[in-house]
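Asker: After the structure tokens below, expect a handful of questions from me.
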Amino acid sequence: MKKEYIILTILIIGLVAYLGLKKDNQVHYELPTIPQVDTTRIDRVEISKADRLVVLNKGENGWTVTDKKFSANPEDIEQMIGTLKAIKLSALVSEAKDLARYELDDTHAVKVKALAGKEAVRSFVIGKTAPSYNHTFIYLDDKDRTVYQANGNFKSQFDKEIADFRDKKVLEFDPAGVKKVTLEKQGQIVTLIKSQTPETTDQEKDEIKKNLIEKKPVPKESIWKKEDGSVTDQKTISDLLSSLSKLECQAFLDEDKAARLKEIQPSYKILLENDKTFILNLFNKNENQDVEGSCSYTPYAFTLTSYKAEDIVSYADKLLGIQQQDSTESGEE
């Protein structure tokens, strides 16, 4: 037993010595410090990959995509600009130029260049997300190509097609400001008008007097009615306006498909009136079972996912008094 203890002790001492020597022989390095960028100066961002080039430009009315000046999604732009402002490296990963391992090779790499006028104020190349999902592999110099690990999981902010950068909003308004709604489907039309309720209970009168004395705002109740004066379903019209108030599309149609829509009648037409009048047209489902549409809010025709269109149509049908036989037929004539 004593002999075994002696051998075990020798092995432990040898292992400790080996680890100590290995630590002493490690290469010490200092990570480059990347200065912050004044992002208010950035007016152009170029993002390239093997199969595409996306150019974002900052104009008087916000950021746009490509020379056609499609509106870019403000939230996506804000997130991306935040990443461009400050990049912090956490580790040196490879000096061996093993780029494919980190998806920094020419096929997979995402190259980013942010400019202020003609000056490149930030440029780097993005590889894959690290296994921790809290870091991203990048390199800074196209000649050196030393691979670093940067803080944050930000590849998805830049690795996008042009369509993914576009603002998908196709209609936006304040539901409380809408005064008139007209629904039209298959020859059936109903117009709904918001009006102040003339009836006031004694309790409400007392509350109004109290508010006037205390100089508080006097509440104004409103109710939706049809043109003949009959009261409509208040919850349903509230649900309809809510579903339309911040409407985002699934995708935009190309010019040929958009032109085709101008030649056919919509299966549903919805008019919303406040200070402006918005007209939403819904057409048949396409081959992907998405409902095609157009709206006076945007110059671009689009598609809505079937479930989103079905919600809108179900509310409108109820207000029109149409019995839905099959909700999956929503958006079809």
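Asker: Taking the solvent-accessible surface of protein heavy atoms with a 1.4 Å probe, what is the per residue accessible area of segment 92-179 in Å²?
Answerer: In whole numbers, segment 92-179 has 49 Å² accessible per residue.
Asker: Could you do me a favour and compute the accessible area per residue for segment 213-307, 1.4 Å probe, result in Å²?
Answerer: 61 Å²
Asker: Using 0.36 nm per residue of separation minus the Cα-Cα distance, give me the extension gain between Thr236 and Thr191 in nm, one decimal.
Answerer: Stretched out fully, the Thr236 to Thr191 stretch lengthens by 14.8 nm.
Asker: To continue, here is another question. Cα centroid distance between segment 31-68 and segment 122-182, in Å?
Answerer: After rounding, the separation between the Cα centres reads 11 Å.
Asker: Out of all Cα-Cα pairs in segment 246-314, roughly what percent, to the nearest whole number, are more than 16 Å apart?
Answerer: Working: 1013 of 2346 pairs.
Tail of the P(r) past 16 Å holds 43 percent of the pairs.
Asker: Explain nothing, just the number: dipole magnitude of segment 118-169 about its Cα centre with +1 on each Lys and Arg Cβ and -1 on each Asp and Glu Cβ, in debye rounded to the nearest 20. Kindly include the intermediate steps, with their values, before the conclusion.
Answerer: Numbers: 10 positive and 8 negative charges, 36 e Å.
With Lys and Arg at +1 and Asp and Glu at -1, about 180 debye.
Asker: Find out how many positive minus negative residues lie around Asn73, taking Lys and Arg as positive, Asp and Glu as negative, among other residues whose Cβ is under 12 Å from that of Asn73.
Answerer: Residues near Asn73 contribute -2 overall.
The values are calculated or read from the model by the stated rules, or taken from the named source; none is laboratory data. Since this is a predicted model, take the numbers as computed values, not measurements. Because the Cβ atoms are built from the backbone with ideal geometry, glycine has one as well, and the counts that use them run over all protein chains shown. SASA here: full protein model, heavy atoms, side chains in, ligands and nucleic acids out. Shrake-Rupley method; radii C 1.70, N 1.55, O 1.52, S 1.80 Å.
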